[in-house]
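J.: Just dropping this structure here.
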Amino acid sequence: MNIPAHLRYTKDHEWVSLDGEIATVGITDFAQKELGDIVYVEVETLDQTLEKDEVFGTVEAVKTVSDLFLPLSGEIIEFNDALESDPEKVNTDPYGDGWMIKIKVANVADFNELLSSETYQQLIGS
């Protein structure tokens, strides 16, 4: 299981990287394996400001549809348009080309409250 140490995680299996006040968000390797083959990623909240834990989109796999929860409060400023034509990037490269959104974070300090890679590993039992 790939759980990069430089990222932060949520109990809902999203990962977050932070560059200044811009956070990049995707789903973890664990989540994409649990979901199976990703066929569609929908984010209709672009340019909206949402609170932490609000639903910002959905990810559709062959067998199920799952909500995506915002890990940090802020404005959704970018969607990974490559996922519209190639949603399987979430399966093949969840921490790279399979990222989903970028957020202008309301409070950068909240990043430190997310789960470390070690805590996330304990959560998923790996």
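The values are calculated or read from the model by the stated rules, or taken from the named source; none is laboratory data. What you see is a predicted model, and the numbers here were worked out from it, not measured in a lab. Ideal geometry is used to build each Cβ from the backbone, glycine not excepted, and the neighbour counts take in all protein chains shown. Surface areas here come from the heavy atoms of the whole protein model, side chains and all, with no ligands, DNA or RNA. Shrake-Rupley method; radii C 1.70, N 1.55, O 1.52, S 1.80 Å.
J.: With runs of 4+ DSSP H residues as the only contributors, calculate the mean residue ellipticity of the chain at 222 nm using -39,500 (n - 2.57) per run, divided by the residue total and rounded to the nearest 500. Mind showing how you got there, number by number?
T.: Details: 4 runs with 23 residues, N = 126.
Helices in the chain give a 222 nm mean residue ellipticity of -4000 deg cm²/dmol.
J.: So, one more: Find, among the trypsin sites (Lys or Arg not before Pro) in region 40-126, those assigned to loop by DSSP (not H, G, I, E, B) with at most 11 other beta-carbon atoms within 10 angstrom. Display every interim value, and only then the final one.
T.: Numbers: sites: Lys52, Lys63, Lys89, Lys102, Lys104; in loops: Lys52, Lys63.
Passing both the DSSP loop test and the Cβ count: Lys63.
J.: Oh, and also: Could you list, in their original order, any pairs among Lys52/Lys102; Lys33/Lys102; Lys52/Lys89 whose Cα atoms are separated by more than 21 Å?
T.: Numbers: Lys52/Lys102 14 Å; Lys33/Lys102 23 Å; Lys52/Lys89 25 Å.
Among Lys52/Lys102; Lys33/Lys102; Lys52/Lys89, the Cα-Cα distance tops 21 Å for Lys33/Lys102; Lys52/Lys89.
J.: What is region 1-72 by shape, rounded, prolate or oblate, if you read a ≥ b ≥ c off the alpha carbon gyration tensor as root eigenvalues and call it rounded for a/c under 1.5, prolate for a/b larger than b/c, and oblate otherwise?
T.: oblate
J.: Would you mind finding the longest exposed-site-free stretch of the chain, with exposed GluC sites (Glu not before Pro) meaning DSSP loop and at most 16 other Cβ atoms within 10 Å? The partial results should precede the final answer.
T.: Working: sites that count: Glu21, Glu44, Glu51, Glu54, Glu88.
Counting at most 16 other Cβ atoms within 10 Å as exposed, the longest clean stretch of the chain is 89-126.
J.: Okay, moving on. Relative contact order for the chain using alpha-carbon pairs under 8 Å, separation at least 6, rounded to a whole percent? Mind showing how you got there, number by number?
T.: On the way: 275 pairs, mean separation 39.9, N = 126.
32 percent.
J.: Under 8 Å for C-alpha pairs, at least 6 residues apart: give me the relative contact order for region 1-75, rounded to a whole percent.
T.: Numbers: 125 pairs, mean separation 18.5, N = 75.
Over region 1-75, the number comes to 25 percent.
J.: Name the shape class, rounded, prolate or oblate, that the alpha-carbon gyration tensor gives for region 65-126, where a ≥ b ≥ c are the square roots of its eigenvalues, rounded holds for a/c under 1.5, and otherwise prolate holds if a/b is larger than b/c and oblate otherwise. Walk me through the numbers on the way to the answer.
T.: Details: a/c = 2.26, a/b = 1.16, b/c = 1.95.
The shape class here is oblate.
J.: Let's see if you can work this out: charge +1 on each Lys and Arg Cβ, -1 on each Asp and Glu Cβ, no other charges. What is the dipole magnitude of region 1-111 about its Cα centre, in debye to the nearest 20? Each step should come with its number before you reach the end.
T.: Details: 8 positive and 24 negative charges, 83 e Å.
Around 400 debye, computed over region 1-111.
J.: Counting heavy atoms of the protein chains only and a 1.4 Å probe, report the per residue accessible area for the chain as a whole number of Å². Can you show the working numbers first?
T.: Working: 6400 Å² over 126 residues.
Result: 51 Å² of accessible area for each residue.
J.: Toward the positive end of the charge dipole of region 72-114, about the Cα centre and with charges on Cβ (Lys, Arg +1; Asp, Glu -1), which of Gly96, Ile77, Leu114 goes farthest?
T.: The Cα lying farthest towards the positive end belongs to Leu114.
J.: Tell me, what % of the accessible area of region 16-63 is carbon and sulfur with a 1.4 angstrom probe?
T.: Carbon and sulfur together cover 43 percent of it.
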